[in-house]
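Just so it is clear, none of the values below were taken in a lab; they were calculated from the coordinates. Remember, it's a predicted structure, so these values are computed and weren't measured experimentally. Cβ coordinates were reconstructed from backbone atoms using ideal geometry, including for glycine residues, and neighbour counts include every protein chain displayed.
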Amino acid sequence: MPDQHRIVILGGGFGGLVAARTLKRAHAKIILIDKRNFHLFQPLLYQVATGSLSPGEIAAPLRSVLSRQKNTQVLLGEAVDIDPEKKLVHLRDAAEYPYDTLIISTGSQTSYYGNDVWREAAPSLKTLEEATAIRHKLLYAFERAERSADPAEARAWLTFVIVGAGATGLELAGALAEIARETLRDDFRHIRPEEARILLMEGGNRVLNTYPEDLSAKAEALVTRLGVEVMKGVFVTDITSAGVTYKHGDHHDSLAARTVLWAGGVTSTSFGKKVAERLHVETDRTGRIKVQPGLTVPGHPDIFIVGDLALAQNKNGQPLPGVAQVAIQGGRFAAKVIAARLAGKTPPPRFHYLNKGDMAVIGRAAAVANIFGIHISGFPAWLVWLFIHLIYIVEFKNRVLVFIQWGFEYFTFSRGARLITGPAVSDSLDQSPTLHSGHDSP
């Protein structure tokens, strides 16, 4: 009897997990490797950062999810290199795993556009660790403002800046506005949390610039109604523990803000760059690897790349966005091709992405959505957002818990996960920082 076909899947995110589950009946030995032991539902990460949900409610242990899938083994490890000639995956701890077919779905990382020094003062939102650090940073700001005897210092602690007005930036801004104006309104004696200043800075001329213009305008109106100040055409030139300096047209200015959050773009990981180097493939400016219509790379039909690392195109030749639906459908397609090959059948020739639409939630009962070309906003869009996100949460238990939490929050504005845990960026900062003048900034 011949040896079983060896399928190695790198990454337990949307693409990798869907691929593994789609191959549950395949006559193959599947190994799924991830540097975390859980699948993270990233679209709800901002709700952990803003105290609506606890980390365990949006994460599911990979071993638990795949425990009944007997052809699949889950391993904890971080891939750092591949050898496409010997068909080997190299892990950081020097372990090697051979493969016959490889699926790479290792995602992306936050891009600071060459200003990685800003990362410490302005955390991004890509991991659970970052989400809990942001939660600490947000809540700590109100605590420090409560203790401040100097009004200027208190104002700096109660000034929040979010850089980037994509879906993540809007979601963070809307949630933070509700925390300040509703959740914490009666919790302090020295400060008035509802007077917190929340600014959303965007370099483009509108928020949600990948959405249709009418939904972009409605989203801006919704977040403005919550008290968020939207600043468009603004380019940040420096970020420190004291605040931000920025350029608006020919005008340079600075803003004292002790809490700055980064919701900018994404770029390839170091492993993604290594894969591109090993495969001698073309990449775009963010490091995404250009894949063929079948999600493989030229000369390597045994290697599939899906999710954020893949630069796939739609039928019109336009690049597909780095969103969960692209990863899910890509992972499913790659698995179906592999299953067809193993069964001796003709695999589907090319990946067809079905664009189900985009949606972003701005606050309580407020969202915008483009569903199959139908534009909706406000409460109806929020209901659609809620329903779809519940469906895609991996474990049934978590769906129930999240539904209960959302229901309770909807009627009370209470956020039960408002815990300041562990060390955070705020605690290590100099307590008397200085903010450089915008004229001295690069």
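Annotations
- Across the chain, C-alpha contacts under 8 Å between residues 6 or more apart give a mean separation that, scaled by the residue count, equals a relative contact order of 20 percent.
- Inter-probe distance in nm under a simple model that places probes 7 Å from Cα toward Cβ, at residue 37 and residue 343: 3.5
- When 90, 280, 39 are arranged by Cβ crowding within 10 Å, least crowded first, meaning fewest neighbours, the order is 280, 90, 39.
- Ordering 254, 67, 124, 148 by the number of other Cβ atoms within 10 Å of each residue's own Cβ, fewest first, gives 67, 148, 254, 124.
- Each stretch of four or more DSSP H residues adds -39500 (n - 2.57); spread over every residue of the chain, this sum gives -9000 deg cm²/dmol at 222 nm.
- For residue 24, the lysines whose Cα comes closer than 24 Å to its Cα, not counting residues fewer than 8 places off in the same chain, are 35, 70, 87, 336, 345, 397.
- Cut-off 13 Å between beta-carbons: net charge of the residues surrounding residue 330, Lys and Arg +1, Asp and Glu -1: +3
- Formal net charge of residues neighbouring residue 92 (Cβ-Cβ distance under 13 Å; K, R +1; D, E -1): -3
- Here residue 137 is the anchor, and the lysines within straight C-alpha reach of less than 24 Å, apart from those fewer than 8 places off in the same chain, are 126.
- Residue 206 versus residue 80: modelled label distance in nm, points set 7 Å from Cα along the beta carbon direction: 4.6
- Among the lysines of the stretch 204-333, pairs at least eight places apart or on separate chains and with Cα atoms under 17 Å apart come to 5.
- Full extension of the chain segment joining residue 315 with residue 68 gains 85.2 nm, where the gain is 0.36 nm per residue of separation less the Cα-Cα distance.
- Taking other Cβ atoms within 10 Å as a rough exposure proxy, 250, 238, 186, 100 sort from fewest to most as 250, 186, 100, 238.
- 3J(HN,Hα) along the stretch 39-53: 8, 9, 8, 4, x, 9, 4, 5, 6, 6, 5, 10, x, 7, 10 Hz, from the Karplus curve 6.51 cos²θ - 1.76 cosθ + 1.60 with θ = phi - 60°, whole Hz, x for Gly and Pro.
- In this calculation the C-beta distance from residue 190 to residue 96 is compared with R0 = 60 Å, giving a FRET efficiency of 0.50.
- DSSP bridge orientation in the chain - percent antiparallel, rounded to nearest 5: 55
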